[in-house]
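Student: Dropping a structure here in structure tokens format, bear with me for questions.
The values are calculated or read from the model by the stated rules, or taken from the named source; none is laboratory data. Just so we're clear, the structure is a prediction, and the values are computed from it rather than from any experiment. Cβ coordinates were reconstructed from backbone atoms using ideal geometry, including for glycine residues, and neighbour counts include every protein chain displayed.
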Amino acid sequence: MAAGSVPPAAAGGRPEPRTRLPAPRPRKRFGQHFLVDRGTIARIVDLIQPEPGEIVLEIGPGRGALTTPLLAQRPRLVAVEIDRDLAADLRRRWPAEVLRLLEGDILAVDLAALLAEEGGQRLLVVGNLPYNITAPLLFHLLAYADHVGRAVLMVQREVAARLTAAPGSREYGLITVLLRMRAQVEVRLQVPRTRFRPVPGVDSSVIELRFSAADQVAVGDRAAWQRLVRAAFGQRRKMLRNSLLAAAPGLLRDDLQAIAERSGIDLERRPETLDLAEFARLSDALVTLAAERP
């Protein structure tokens, strides 16, 4: 999704410096549904509240619904917009010294380099995300977790449920576990589909992610842990013993027994029942066993 349009900031804020032309129409191929409800926009802006040292990065500013009130609070903003017509409209409205606009795909942006160029300590990522890039974007932020402090994002309500799901629930899955290793996720606002134009087929939620400086749970081999988690949820309806065989081909029955004993985890359980600490114990047991082999 991309954000929609609202009137210029109220007196005392930053007015739009240039005359607006008719806004470009939403494009289906970019999954554009513009947020038009002023009350919802105001509540999202209240959630953002940049802290000292944070560089605000807006994903998909669209028609400027969030951009306008954010610039009323900040002297400068960085944004990434893939739609060339919307990008051109944004450039007409704000000069480069106020809005640094990168035209292109956010998934191709080196966030570490961007942060260095802006001279900040951490990025605060905000945006009303197109549903078709939500998962790739979350993994992109995860890859730059050392550089992103927070993110305030509009996502499909179903995605928000998955990100905040508890072990054992139907929604709990791969993205839940991988993201939770470095970020705390909280649903901050529910947004009905009627707040957008055109109206999408689903409702949305605003989530806040707070990235930690280190993993939430200590694990001996981060890469091995991630391989195990991916293998586990690649066949989530099967027992953990099958996940281990997929993650480390060549394991023997005796090996599985040793891993179960060392980790204290019943390998007849299914992956969606394990929490972060249990996945870490299972991974560490697997890595230790492999290191002991001749």
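Student: If you go through region 129-149 one residue at a time, how many are in contact with a helix residue (DSSP H, G or I) (Cβ under 8 Å, 6 or more places away or on another chain) and either at positive phi or part of a strand (DSSP E or B) (or both)?
Tutor: 1
Student: Being within 13 Å of I55 (Cβ to Cβ) and crowded, with 19+ Cβ neighbours inside 10 Å is the filter here, so list the residues in region 100-121 that pass it.
Tutor: L111, L114, L115, G120
Student: Another one. One residue is enough: does region 222-237 have a residue meeting the conditions surrounded by fewer than 17 Cβ atoms within 10 Å (Cβ to Cβ), of a type outside the set (F, W, Y) and under 26 Å from Q121 (Cα atoms)?
Tutor: yes
Student: Say we look at region 84-99 and pick out the residues that are over 25 Å from the mean Cα position of the chain (by Cα) and surrounded by fewer than 20 Cβ atoms within 10 Å (Cβ to Cβ); which of these is farthest from V56 (Cα to Cα)? Show your work before the answer.
Tutor: The initial filter retains those residues of region 84-99 that are over 25 Å from the mean Cα position of the chain (by Cα), namely 85, 88-89, 91-98.
Filter once more, keeping what is surrounded by fewer than 20 Cβ atoms within 10 Å (Cβ to Cβ): 85, 88, 91-92, 95-98.
Values: D85: 23, A88: 21, R91: 18, R92: 21, P95: 17, A96: 15, E97: 14, V98: 12 Å.
Among them, the one singled out is D85.
Student: Restricting region 230-257 to residues that are among the charged types (D, E, K, R) and touching a Lys or Arg at 6+ places or on another chain (Cβ under 8 Å), which is farthest from S169 (Cα to Cα)? Reasoning before the result, please.
Tutor: Initially, region 230-257 is screened for residues among the charged types (D, E, K, R), giving 230, 236-238, 241, 253-255.
With touching a Lys or Arg at 6+ places or on another chain (Cβ under 8 Å) added as a condition, the list becomes 236-238.
Values: R236: 12, R237: 13, K238: 15 Å.
Out of the qualifying residues, it is K238.
Student: For the subset of region 130-187 comprising residues that are touching a Lys or Arg at 6+ places or on another chain (Cβ under 7 Å) and free of Cβ contacts under 8 Å to residues at least 40 places away in the same chain, which member is surrounded by the most Cβ atoms within 10 Å (Cβ to Cβ)? First the steps, then the outcome.
Tutor: We begin by selecting, within region 130-187, every residue touching a Lys or Arg at 6+ places or on another chain (Cβ under 7 Å); these are 142, 145, 147-150, 171, 173-176, 183-184.
In the following step, the residues that additionally are free of Cβ contacts under 8 Å to residues at least 40 places away in the same chain were identified as 147, 171, 176, 184.
Working: H147: 20, E171: 15, T176: 22, Q184: 13.
Among those that are touching a Lys or Arg at 6+ places or on another chain (Cβ under 7 Å) and free of Cβ contacts under 8 Å to residues at least 40 places away in the same chain, it is T176.
Student: Only one of S263, S283, S204 is assigned by TED's automatic domain parsing to the domain that holds L153, surrounded by 15 or more Cβ atoms within 10 Å (Cβ to Cβ) and of a type in the set (G, A, S). Can you tell me which?
Tutor: Step by step, each of S263, S283, S204 is checked, and only S204 is assigned by TED's automatic domain parsing to the domain that holds L153, surrounded by 15 or more Cβ atoms within 10 Å (Cβ to Cβ) and of a type in the set (G, A, S).
Student: A follow-up question, please. Considering only residues of region 258-294 that are basic (K, R) and assigned to a helix (DSSP H, G or I), which is nearest to Y172 (Cα to Cα)?
Tutor: Kept after step one, since they are basic (K, R), are these residues of region 258-294: 262, 269-270, 281, 293.
Filter again for assigned to a helix (DSSP H, G or I), leaving 262, 281.
Numbers: R262: 25, R281: 19 Å.
Per the stated criteria, the residue is R281.
Student: Something else about it: Within region 272-294, how many residues turn out to be within 35 Å of the chain's Cα centre (by Cα) and either among the acidic types (D, E) or modelled with pLDDT of 95 or more (or both)?
Tutor: Of the residues in that region, 14 qualify.
Student: Restricting to region 103-118, what's the tally of residues that are touching a residue at least 12 places away in the same chain (Cβ under 8 Å) and more than 10 Å from L57 (Cα to Cα)?
Tutor: Total satisfying the criteria: 8.
Student: Among all residue pairs at least 6 apart or on different chains, which show Cβ distances below 6 Å where the first residue, located in region 41-52, is within 12 Å of A72 (Cβ to Cβ) and the second is assigned to a helix (DSSP H, G or I)?
Tutor: From region 41-52, the pairs are V45/P69.
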